[in-house]
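For reference, the structure discussed in these notes is given below.
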Amino acid sequence: MIICTQCGRENPDDQEFCANPACGAFLAYPEQGRRVTAPASAPASSNVSAKLRPPVVRVDPGGESVIVLALHNAGTIVDEYAVEVLGEAAAWITVEPPRLPLFPGDEGAVRLRFRPPRSPAAPAGATPFRVRITSKANPAVRAVEEGVVTVEPFLDLSARLVPRTSRGRLSGRHDVCITSGGNAPVRAALSATDPDELLRFRFAPAALTIAPGQTARPRVRAKPRRRSWLGRVESRPFEVSVAPMGAAPVTAAGVMDQLAILPRWLPGTVAVAAVLVAAGLVLQQTVLKPRAPTSSAVPGSSSTAMPATGGSPSSSTSTTTSGAKGGGGGATTGAVAGGESGGSSASSSTSVPAVAIAAIVPAAACAVNSLTTTSANPAQAIPGVAVTVDNGGSARRAVVTLSANIGVDPGAEVRLAYSVDGGAARENVYGPAYLADHQQYYEGRLVTAVIPLAAGAHTVTPFWRVNGPPNASATVMQRCMTVESAAGKVPATAPIVPAAACAFTSLRTASPAPLQAIPGVAVTVDNGTLARNAVVTFSADTGADPGGEVRLAYSVDGASPQENAYGPANLADHQDSSEGRAVTAVIALPAGSHTITPYWRVSGSPGTGGTMQARCTTVRSEAATVAATEPIIPAATCAFDSLSTTWPTPAQAIPGVAVTVDNGTMARRAIVTFSANVGVDPSAQAHLAYSIDGAPPQENTFGPGHLADHQQYDEGRAVSAVIPLPAGVHTITPYWRVTGGPGISAIIAQRCMTVESAAGA
């Protein structure tokens, strides 16, 4: 046993060196059992530095990637360092070796081996991890390195029908049990075929998202095209196809046994009854010999066939109400493409061959300086974000998105208006105008508008003003405005099929009323022969009574509306002042024409109400594969698990929503929209940042970064950004952090990020 003469401490283990952290020194000894003395002139200290090379790594599930952690003993004593990986990914990261001894001034390397399982246990997307290095000589000496591992997505879908065989006279019902063994949410569209085309099919829902490791059970109803009145049971085999976006479909076989309307015993029974009736009549006429009646009929009497009750066909009136399926009416709306949606639409589109024009002409502008205005100043232009689009020879509708970090004094509201080509600024004409109300904290806001534009070049300029008591003020900081000038007629083979609808009537609903369609804003898109992702943005002036929450859902082709299935659904929570709210969703749609209808309800105690005024739904139905030469390269992804972070944790990647775009040979601008259900503790603020290709994340550089501030209720938040990207393939990863005091926290639930990498935007 080795004993240090300076403090009398025994050597804790039988190593090559005498560990003496209490004395602050390491003393080499040549043999066991010897007393050693530390020279008084030898100052001793522990210190370590570390570096991940590289700090960002990508790995395939079931595969392997290796990076190096370089360690440097910056102390004056011989030390040994324990290396430990922290975070969600630690379960499948191996450290080789886990402990590394180093002489003073020496460097060494530890390998980090990433082996994510090919299972839902390793979710797709960017996941941050931390490596903690601890000194054995002085455990208080630590170093922490941070990195990000991106696990590539993989799909592993299976499907089966329960029951496999159904029986019915008019229809058969089955559950399609779809299990995702992959590591990313799967957006899939359902369809079915039968070899003899004797069945019709209806799905509820027809498209859905399946979370990793989960099983969904949509229902399919198989209905014979023709009824079988008599005969035996007819077996109708069919096959259900579950088509995930960007991957081959999986199938499940089933059988619908069609029963005859009339039971098999009925014809024989009827025949026997007919024979008995006939025999009775013969017996009556020949044996019983009935006598003639003694009284004659009343002279002049006759039997008159009366018409059936109800109006004649000629008196019926068929009234056709202009409006999209499930959308309601009474609103002024318009569809960009794919048919009219939710009301009359006075389109000024010029007749131009669809194939001769680009589907969308994009434009975007951002500014980062701080602006202030007060009441009762008139509306003034918001500098730095006017955009110009050139429609060429085609009239189009400009789908406008304005996003900003904004705050306003209590009791006041910020109103938004738009000017076209220098004309008067107009509020509540093109879309929601209540940008912020009674919100004294800076938060990211986003609203949309739909502005009809004639052929040629046009400039759209946003204006703002404060409505409230004298000298009430508002401040705008980072801000972006994006415009997609969408052609009215787009071929169904185009990479993007756009549609939009707005309405301006005032609505109100109250708890416990069930979900109801929001009138005037249903949209229809024609996907042609392609399955696509419909990127949906819903924006509205919305308010909810204290203690109440406005929930949003979407119905596809008249199916039951679904909440939190396609994207954030908490439109407003405990917000009794009407403000512009926006959320996005990604809905997988099969080929053909489809109608998306937004629904709403209020969650809260009985009588709790919600209001809605100006509102718009915009849709970009995007093909899964787009050539890198296209003017716009779309990408979108969503995730639905719950996340939390606390102060002072540094910015960390938001898992599940990183997107990759291939710009081909062109430099482009990526127009990014991030939307999520977000809540933060009082006096706290959730910040958003973006990392490009694994570089350090940047806040307030590309667009608004204040996602939520002092908002303890979970609400749908949306902000946009414009990120310049060079040619080639690039990955954009959103990061978040919370600021405030110790223990301050923030949460994110459902979230989506969409990207349009636009040439010349």
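The values are calculated or read from the model by the stated rules, or taken from the named source; none is laboratory data. Quick caveat: nothing in here was measured; it's all calculated off a predicted structure. For neighbour counting, all protein chains shown are included, and Cβ atoms are generated from backbone atoms with ideal geometry for every residue, glycine included. With ligands, DNA and RNA removed, areas are computed over all heavy atoms of the protein, side chains included. Shrake-Rupley method; radii C 1.70, N 1.55, O 1.52, S 1.80 Å.
Worth a mention:
Matching residues to (1) among the basic types (Lys, Arg); (2) assigned to a loop (DSSP other than H, G, I, E, B); (3) more than 30 Å from ALA248 (Cβ to Cβ):
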{"position": "ARG551", "(1), (2), (3)": "yes, no, yes"}
{"position": "ALA559", "(1), (2), (3)": "no, yes, no"}
{"position": "ALA565", "(1), (2), (3)": "no, yes, no"}
{"position": "ILE587", "(1), (2), (3)": "no, no, no"}
{"position": "TRP600", "(1), (2), (3)": "no, no, yes"}
{"position": "SER605", "(1), (2), (3)": "no, yes, yes"}
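- Within the range 96-119, restricting attention to residues that are assigned to a strand (DSSP E or B) and under 36 Å from the mean Cα position of the chain (by Cα), the residue that is nearest to LEU157 (Cα to Cα) is PHE114.
- ARG232 touching a Leu at 6+ places or on another chain (Cβ under 6 Å), open to solvent by 20 Å² or more (accessible area, probe 1.4 Å), more than 18 Å from TYR554 (Cβ to Cβ) and modelled with pLDDT under 90: no
- Top-ranked residue in the range 416-431 [being surrounded by fewer than 20 Cβ atoms within 10 Å (Cβ to Cβ) and part of a strand (DSSP E or B); ranked as modelled with the lowest pLDDT]: GLU427
- Breaking point among (1) in a strand (DSSP E or B); (2) of a type outside the set (A, V, I, L, M, F, W, C); (3) closer than 30 Å to ALA628 by Cβ; (4) open to solvent by 20 Å² or more (accessible area, probe 1.4 Å), for GLY760: (1)
- A count restricted to the range 651-689 and to residues that are closer than 24 Å to ASN564 by Cα, outside any strand (DSSP E or B) and not β-branched (Val, Ile, Thr) stands at 4.
- Residue pairs whose Cβ atoms lie under 6 Å apart, separated by 6 or more positions or on different chains, with the first residue in the range 203-217 and in contact (Cβ under 8 Å) with a residue 40 or more places away in the chain and the second among the basic types (Lys, Arg), are ALA204/ARG219; THR209/ARG187.
- Extreme residue, modelled with the lowest pLDDT, among residues of the range 375-398 that are open to solvent by less than 20 Å² (accessible area, probe 1.4 Å) and of a type in the set (A, V, I, L, M, F, W, C): ALA395
- Residue in the range 189-201 that is of a type outside the set (Val, Ile, Thr), out of contact with any Ser or Thr (no Cβ under 8 Å at 6 or more places or on another chain), open to solvent by less than 70 Å² (accessible area, probe 1.4 Å) and closer than 22 Å to GLY567 by Cα present: yes
- Wholly enclosed strands (runs of 3 or more DSSP E) of the range 157-247 bearing at least 3 residues within 30 Å of PRO116 (Cβ to Cβ): 157-162, 172-180, 186-193, 207-210, 234-244
- Conditions (1) buried (at least 22 other Cβ atoms within 10 Å of the Cβ); (2) modelled with pLDDT of 90 or more: number failed by ASP526: (1)
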